[in-house]
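Undergrad: This is the structure I want to talk about, given as structure tokens.
The values are calculated or read from the model by the stated rules, or taken from the named source; none is laboratory data. Just so you know, these numbers come straight off a predicted model, no measurement behind them. Virtual Cβ from ideal backbone geometry, glycine too; neighbours counted across all protein chains shown. The area values use the complete protein model at the heavy-atom level, side chains included, leaving out ligands, DNA and RNA. Shrake-Rupley method; radii C 1.70, N 1.55, O 1.52, S 1.80 Å.
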Amino acid sequence: MSDRKKESGVLSILKDTLALVLITLVAAVLLGFVHEVTAEPIAKREEQDKQEAYLAVFPGASAVEESKDVPELAGALASAEEILTEEYRKAVTVDEACLVRDEAGELMGYIITVTDKKGYGGAIQMVFGYSLDGVVTGLEFLSLKETAGFGLEAEKDPEWRKQFLGIAEGLFTVTKAGAMAEGEIDALSGATVTSRAVTQGMNGGLMFARYLVEQGIGGAK
């Protein structure tokens, strides 16, 4: 091969390499731009969904104070893993806790956000209200990627979620034979894994909520 042909080949490789580098740089800039444009709307939507869930799970609340604004609550949240028993510690995380107050500023209870890692389609994040007298006031989902027609019914079917509402004594258990006793949760048809994950998450959240009451966090008596 002549020197001229060698030189031409090297130049061709350099041009191709430069073109690939430029394409990569342009793609990176475009991806960064798209991220900047979409990040804020996504964050706003997530915050809106969270606030709507708060209002849904604790009817009658006049004020909701998040842990970032309540040092003693933030401290309890930081120790949440130690509060849960080993059985629940492996699968459940307590993500957020809020104080709920009435118009007079008196503590009504708490709003707890938990994630269970063992859903059929991945982690399930839920939020529920817990009053000072031990009543679960509401349950909503922030993230649920279960199968449509099966596990997704946990979110679609309000009657199923109602099984968790009311006075919660002890912990919940899942049954496939039809709920007969206090605290039994009738499993969703064809979605036992989802039913167990939601129940497990709720139980972990209940442990934490009861700890807050016992410690008088936020003025609990």
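Undergrad: Report yes if I124 is under 25 Å from A80 (Cβ atoms), open to solvent by less than 20 Å² (accessible area, probe 1.4 Å), of a type in the set (A, V, I, L, M) and touching a Cys at 6+ places or on another chain (Cβ under 8 Å), otherwise no.
TA: no
Undergrad: A further question on this structure: In this structure, does E153 turn out to be closer than 16 Å to Y211 by Cβ and open to solvent by less than 70 Å² (accessible area, probe 1.4 Å)?
TA: No; evaluated as a whole, the condition is false for this residue.
Undergrad: Going by the conditions given, is A39 at pLDDT 90 or above, part of a helix (DSSP H, G or I) and aliphatic (A, V, I, L, M)?
TA: no
Undergrad: A further question follows. List the residue pairs whose Cβ atoms are under 6 Å apart, where the first residue sits in the range 160-185 and is closer than 19 Å to A209 by Cα and part of a loop (DSSP other than H, G, I, E, B), the second is among the hydroxyl-bearing types (S, T, Y) and open to solvent by less than 50 Å² (accessible area, probe 1.4 Å), and the two are 6 or more positions apart or on different chains.
TA: F172/T199
Undergrad: Turning to a different aspect of this structure: Give the residues of the range 56-70 that are free of Cβ contacts under 8 Å to residues at least 40 places away in the same chain and either exposed (fewer than 15 other Cβ atoms within 10 Å of the Cβ) or not in a helix (DSSP H, G or I) (or both), sorted by residue number.
TA: Result: E66, K68, D69.
Undergrad: Mind counting the residues in the range 170-182 that are open to solvent by 50 Å² or more (accessible area, probe 1.4 Å) and under 17 Å from T85 (Cβ atoms)?
TA: Final tally of qualifying residues: 2.
Undergrad: With respect to D186, determine if the residue is surrounded by 13 or more Cβ atoms within 10 Å (Cβ to Cβ) and of a type in the set (D, E).
TA: When the stated conditions are applied, D186 passes them.
Undergrad: So, A53, is that one in a helix (DSSP H, G or I) and modelled with pLDDT of 95 or more or not?
TA: Spelling it out, it is not the case that A53 is in a helix (DSSP H, G or I) and modelled with pLDDT of 95 or more.
Undergrad: Does G134 qualify as being out of contact with any His (no Cβ under 6 Å at 6 or more places or on another chain), at positive phi and open to solvent by less than 40 Å² (accessible area, probe 1.4 Å)?
TA: yes
Undergrad: To continue, here is another question. Taking A220, is it open to solvent by 10 Å² or more (accessible area, probe 1.4 Å) and of a type in the set (A, V, I, L, M, F, W, C)?
TA: Taking the combined requirement at face value, the residue satisfies it.
Undergrad: Further question on the same structure: Taking E140, is it surrounded by fewer than 19 Cβ atoms within 10 Å (Cβ to Cβ) and within 23 Å of E52 (Cα to Cα)?
TA: Here the answer is no, as E140 does not meet what is asked.
Undergrad: If you take the residues in the range 197-219 that are more than 14 Å from V114 (Cα to Cα) and touching a strand residue (DSSP E or B) at 6+ places or on another chain (Cβ under 6 Å), which one is modelled with the highest pLDDT?
TA: L212
Undergrad: Across the range 85-116, what is the total count of residues that are touching a residue at least 12 places away in the same chain (Cβ under 8 Å) and over 23 Å from T192 (Cα atoms)?
TA: 17
Undergrad: List the pairs whose first member sits in the range 117-129 and is closer than 20 Å to G149 by Cβ and part of a loop (DSSP other than H, G, I, E, B), whose second member is open to solvent by less than 50 Å² (accessible area, probe 1.4 Å) and aliphatic (A, V, I, L, M), and whose Cβ atoms are under 9 Å apart, counting only residues at least 6 apart or on separate chains?
TA: From residues that are closer than 20 Å to G149 by Cβ and part of a loop (DSSP other than H, G, I, E, B), the pairs are Y120/A191; Y120/A197; G121/L144; G121/L152.
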